[in-house]
Amino acid sequence: MKKINIGNGAVSASEIALGCMRINALSKTDASSLINTAIESGINFFDHADIYGGGKSEEVFADAFNMTPSNREKFILQSKCGIRKGYFDFSKEHILNSVDGSLKRLKTDYIDILLLHRPDTLMQPEEVAEAFSILQKSGKVKHFGVSNQNPMQIELLSKYLKNKLIINQLQFSITNTGIIDSGLNVNMKIDPSIVRDGSILEYCRLKDISIQAWSPFQYGFFEGVFLDNDKFPELNTKINEIAAIKGVTNSAIAIAWILRHPAKIQPIVGTTNPKRLKDICAASGVELTRQEWYEIYMAAGNKLP
Ligand SMILES: NC(=O)c1ccc[n+]([C@@H]2O[C@H](COP(=O)([O-])OP(=O)(O)OC[C@H]3O[C@@H](n4cnc5c(N)ncnc54)[C@H](OP(=O)(O)O)[C@@H]3O)[C@@H](O)[C@H]2O)c1
């Protein structure tokens, strides 16, 4: 598994990460099998959030992972805060409480990276800055980032933060290409030309903020998986054709497509199936050609100008 540098060398991470949103449904044995497969495949990065499974995902992970101090040091644990039942909350009090909850559930005394999960328009950046300073000084959090934020939101926060934001986690997959569409269709009188995210891809690259791709196999907003799905016949034909050429599964091609982008986007894969995870990790050894990458983009229904 290839590594990527996050935050200008602050973190050396596997280029594919395991997302733990769905592991609350697993038994300890099944969760151990998934985590061990991840580790054997070269994954050293695990993505969590305080809300996954209502907190159960972090608990299941800690039990299955065998959270001893020496085990803990070898891996990067990321968690998120800021989503509450029915609203968003970036208050100092909530951020601090949320981290304490995650630390308890994860059975660890520090989180490597804390992300603000989804923008809270009632945010007061001074409060966030205070919370982050307390967390860093106490050693509870090493690095900070955001999720689902646009460039001006990151600029606003950064004006107040002492800590550099090193990650922005965004939805990105072959069927959710919002972050690249407008850049391919500049100044056209068509829908894909509309900049909905403030040019977040280019901004993150300029600022050395690593992008993580959440839900890399889903279409829409958790509507289902696009692979082997009759709704996407042309896309599946193209992916299967390239998978046969490369000698890997269609899942690996879907991830290789994300990895091929020079922004070094880190896919956060959410499978709970060890066999599938192993297949997905084969993506790290696949290099799509420029032509293959564009063919897949267009087979998903996109047009080039
Ligand atoms: N920042 C945010 O706002 C945000 C939002 C959502 C998610 N996330 C993060 O992103 C991670 C991934 O999200 P996700 O689980 O929605 O993403 P995903 O990897 O796109 O989807 C995984 C789901 O698809 C199923 N699946 C069916 N066929 C598959 C195939 N051929 N290949 C791969 N998966 C297949 C999996 O089932 P099996 O388990 O049976 O394989 C699993 O239920 C989460 O764990 C979380 O860490 C972040």
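The values are calculated or read from the model by the stated rules, or taken from the named source; none is laboratory data. These numbers come from a predicted model, not from an experiment. Ideal geometry is used to build each Cβ from the backbone, glycine not excepted, and the neighbour counts take in all protein chains shown. Remember, those area values only see protein heavy atoms, side chains included, never the ligands or the DNA or RNA. Shrake-Rupley method; radii C 1.70, N 1.55, O 1.52, S 1.80 Å.
Pull out a ≥ b ≥ c, the square roots of the eigenvalues of the alpha-carbon gyration tensor of region 235-280, then state rounded if a/c is under 1.5, prolate if not and a/b is larger than b/c, and oblate in the remaining case.
Values: a/c = 2.05, a/b = 1.07, b/c = 1.92.
Oblate.
Listed by chain and number, the aspartates and glutamates whose alpha-carbon sits under 13 Å from that of LYS28, ignoring those within fewer than 8 places in the same chain, are GLU58, GLU59, ASP63. With a Cα cut-off of under 23 Å and a minimum spacing of 8 residues unless on different chains, the lysine pairs in region 139-233 number 10.
Label zone of ASN273 (point 7 Å out along Cα→Cβ, amide N under 20 Å): in region 218-236 this covers 218-220, 222-233, 235-236. Comparing THR108, THR29, THR237 in a Gaussian network model of the chain (Cα springs below 10 Å), the most mobile by mean-square fluctuation is THR29. The residues packed around GLU287, meaning those with a beta-carbon under 14 Å from its beta-carbon, carry a net charge of +3 if Lys and Arg are +1 and Asp and Glu are -1. Name all residues of region 131-147 having a backbone nitrogen under 18 Å from the label point set 7 Å from the Cα of LYS92 along its Cα→Cβ direction, giving them as ranges. Inside the label zone: 131-141.
How would region 180-227 be classified by its alpha-carbon gyration tensor: rounded, prolate or oblate, with rounded meaning a/c under 1.5 and the a/b versus b/c comparison settling the rest? Taking the square roots of the gyration eigenvalues as a ≥ b ≥ c, region 180-227 is oblate. Sequentially through region 199-205, phi angles give Karplus couplings (6.51, -1.76, 1.60; θ = phi - 60°) of 6, 5, 4, 5, 4, 4, 5 Hz, Gly and Pro residues having no value and appearing as x.
Karplus-derived 3J(HN,Hα) values for region 8-22, using 6.51 cos²θ - 1.76 cosθ + 1.60 with θ = phi - 60°, are 6, x, 5, 9, 9, 10, 4, 5, 10, 10, 9, x, 10, 4, 9 Hz; glycine and proline are entered as x.
Compared with the alpha-carbon gap, the fully stretched path from LEU184 to SER12 is longer by 58.9 nm at 0.36 nm per residue. Rounded to the nearest Hz, the phi-derived 3J(HN,Hα) couplings of region 237-245 under the Karplus curve 6.51 cos²θ - 1.76 cosθ + 1.60 (θ = phi - 60°) are 4, 5, 4, 5, 4, 6, 4, 5, 5, where x marks glycine and proline.
Considering the dipole of the chain built from charges on the beta carbon (Lys and Arg +1, Asp and Glu -1) around the Cα centre, which of VAL286, TRP257, VAL141 is farthest to its positive end? In the chain, that residue is VAL141.
Within the accessible area of region 1-155, what % is carbon and sulfur when the probe is 1.4 Å and the other protein chains stay in place? With neighbouring chains kept in place, the figure for region 1-155 is 49 percent.
In Å², and per residue, what accessible area does the chain have when probed at 1.4 Å with the other protein chains present?
In whole numbers, the chain has 46 Å² accessible per residue.
Largest mean-square fluctuation among LEU115, LEU184, LEU259, in a Gaussian network model of the chain whose springs join Cα atoms under 10 Å apart, belongs to LEU184.
How big is the dipole moment of region 1-86 about its Cα centre under a simple scheme where the beta carbon of each Lys and Arg is +1, that of each Asp and Glu is -1, and everything else is neutral? Debye, nearest 20, please. Each step should come with its number before you reach the end.
Numbers: 10 positive and 9 negative charges, 41 e Å.
Approximately 200 debye in magnitude.
How would you classify the chain from its alpha-carbon gyration tensor, with a ≥ b ≥ c the square roots of the eigenvalues: rounded for a/c under 1.5, else prolate if a/b is greater than b/c, otherwise oblate? Write down the numbers at each step before the final one.
Working: a/c = 1.87, a/b = 1.24, b/c = 1.51.
Verdict is oblate for the chain.
For the listed peptides 120-126, 195-201, a ranking on the average number of other beta carbons within 10 Å per residue, highest first, reads 195-201, 120-126.
If R₀ is 35 angstrom, what is the calculated FRET efficiency for the pair LYS3 and GLU130, using the beta carbon separation as r and rounding to 0.05? Walk me through the numbers on the way to the answer.
Working: r = 34 Å, r/R0 = 0.96.
About 0.55, to the nearest 0.05.
If r is the Cβ-Cβ distance from GLU202 to ASP230 and R0 is 45 Å, what FRET efficiency results, to the nearest 0.05? Walk me through the numbers on the way to the answer.
On the way: r = 35 Å, r/R0 = 0.78.
It comes out at approximately 0.80.
Note on surface exposure: GLU287, GLU127 rank GLU287, GLU127 by accessible area, highest first, 1.4 Å probe. Each of PHE222 and SER158 was given a label point 7 Å from its Cα along the Cα-to-Cβ line. The distance between the two points is 3.1 nm.
Calculated [222 nm] ellipticity per residue, helices only, for the chain: -12000 deg cm²/dmol; basis is -39500 (n - 2.57) per DSSP H run with n ≥ 4, divided by all residues, nearest 500.
Straight-distance candidates among the lysines for linking to LYS238, with alpha-carbon spacing under 18 Å and chain neighbours fewer than 8 residues away dropped: LYS246, LYS303.
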